[in-house]
Amino acid sequence: MNSLSAFLLIIRPFNVFLAGLSIAVAALLVEANLECASVWFAVASGMSITAGANVINDMCDLEIDRINKPRRILPAGRMSLRAAHWYTIILLACGVIFSIFVGVLAATIAASSTFLVTIYSLRLKRLPLIGNAIVSLVTAFAFIFGALTACAETLQWQAGLFPALFAFLMHFGREVVKDLEDQIGDRAAKARTLPLAYGQRTAQIAATLAFIALMIVVLIPAVRGLYRQPYLWIILLGVYPVLLFAAWQVWRHPEVKQMRLTSNVLKADMLVGVWAIWLGSQQ
C-alpha cells in the first residue's frame, strides 16, 4: 500500500538534503547570488537526481534488502514496484529538466549523473570498486555542479574541485564500509562487492586508505591558505576524530551492527565537512 510517508522516506531525505546543501555551498564559493533563480534550479536538480537515484537503488536491491534491511519501504511492502518505477522516472526527469535552466555545462553534468546512477544500480553496483567509485564520483559532482551556477559573478568552477575531492574520498570510504555491512545479503544475491570478491581484509585496507588519503587532502587548503583558520579547527576537531573512529571500527569491529553505525556517522560527518568548507571560505 502506497502512502505519502513512503514516498518521502524512500528518497532518504537526509541524503537529498545533503546534496542540495552541497550545491548551495559550492554556489556560495564562487560568490553566486542566492536570490538568483539558477542557484535554486541547480539545488532542485541535484536533489531530484539524488532522490531518483535512491529510489532506483532500492528497486534494484529489493532481494538484498529483504535480508539486510527488511524494514525499508519496498521490502516492507509500503510501496509497489510499479509506483517506485514511475517515481524514479519523474524524479530523474525533473532533475535533468531543472538543470537546463542552470546552463549547458550543468545540464551535461546532470544528464551524465542520471546515466551513471542508473547504470550503477542496474549493472555496476555489485562489481568491486567500480560501483564504489561511481557513486562517489556522482556525489562529488554536486560541488562542481553548484559552482557552475550562471549567476555567479565569475564562473570559477575550479572552486568546487577541492570540496568535490573531499566528498569523493569520504563517500568512497563509506561505500566500502557499507559493503562490509551488507555482506550477508550481497552473498545471497551473488554480488561481487569488494569484500566478497577479494576478501574482507582487502576491503578493510581500501577503506583505511581512503580515510588516510582524506586526512591528508583536507590539510591542503589550510597549508596553502585557501580557507580561513576556522576551517582547520573544524577539520581537526570534527572530521579527523570521525575518520580515526571509522578506521578503528573497520579493523576492530567489522560486524554488521558496527559497520551500520560507522556508515551513519560518516554520512553525518559530511555535514561537518561542508560546514568547515563554507565557514573557511567566508571573508
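The values are calculated or read from the model by the stated rules, or taken from the named source; none is laboratory data. Every value quoted in this text rests on a predicted model; they were computed, and no experiment measured them. Neighbour counts are summed over all protein chains in view; Cβ atoms, including those assigned to glycine, are modelled from backbone coordinates with ideal geometry.
Only one of these is acidic (Asp, Glu) and at pLDDT below 95: Asp269, Asp186. Name it.
On inspection, the qualifying residue turns out to be Asp186.
Yes/no matrix, rows are residues, columns are (1) aromatic (Phe, Trp, Tyr); (2) outside any helix (DSSP H, G or I); (3) touching a residue at least 60 places away in the same chain (Cβ under 8 Å):
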residue	(1), (2), (3)
His85	no, no, no
Leu116	no, no, no
Gly131	no, no, yes
Gly146	no, no, yes
Thr149	no, yes, yes
Arg174	no, no, yes
Would a scan of the range 69-78 turn up a residue that is within 16 Å of Phe7 (Cβ to Cβ) and exposed (fewer than 15 other Cβ atoms within 10 Å of the Cβ)? yes
Residue set Ala222, Ala207, Ala197; condition closer than 22 Å to Ala26 by Cβ and in a helix (DSSP H, G or I); output residue Ala222
On the basis of being surrounded by 14 or more Cβ atoms within 10 Å (Cβ to Cβ) and within 19 Å of the chain's Cα centre (by Cα), does Val55 make the cut? yes
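Being of a type outside the set (D, E, K, R) and out of contact with any Leu (no Cβ under 8 Å at 6 or more places or on another chain) is the filter; apply it to the range 198-218 and report the residue that is nearest to Val274 (Cα to Cα).
In this case the residue turns out to be Val218.
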A careful count of residues in the range 245-282 that are farther than 21 Å from Ala19 by Cα and free of Cβ contacts under 8 Å to residues at least 12 places away in the same chain gives 6
I'm told Gly199 meets every condition in (1) touching a residue at least 12 places away in the same chain (Cβ under 8 Å); (2) among the small types (Gly, Ala, Ser); (3) farther than 25 Å from Met59 by Cα except one. Can you identify the failing condition by its number? (1)
Looking only at the range 98-152, count how many residues are among the polar types (S, T, N, Q), within 17 Å of Ser38 (Cα to Cα) and surrounded by fewer than 23 Cβ atoms within 10 Å (Cβ to Cβ). 1
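Could you count how many residues in the range 21-37 are touching a residue at least 60 places away in the same chain (Cβ under 8 Å) and either among the polar types (S, T, N, Q) or not in a helix (DSSP H, G or I) (or both)?
Total meeting the criteria: 6.
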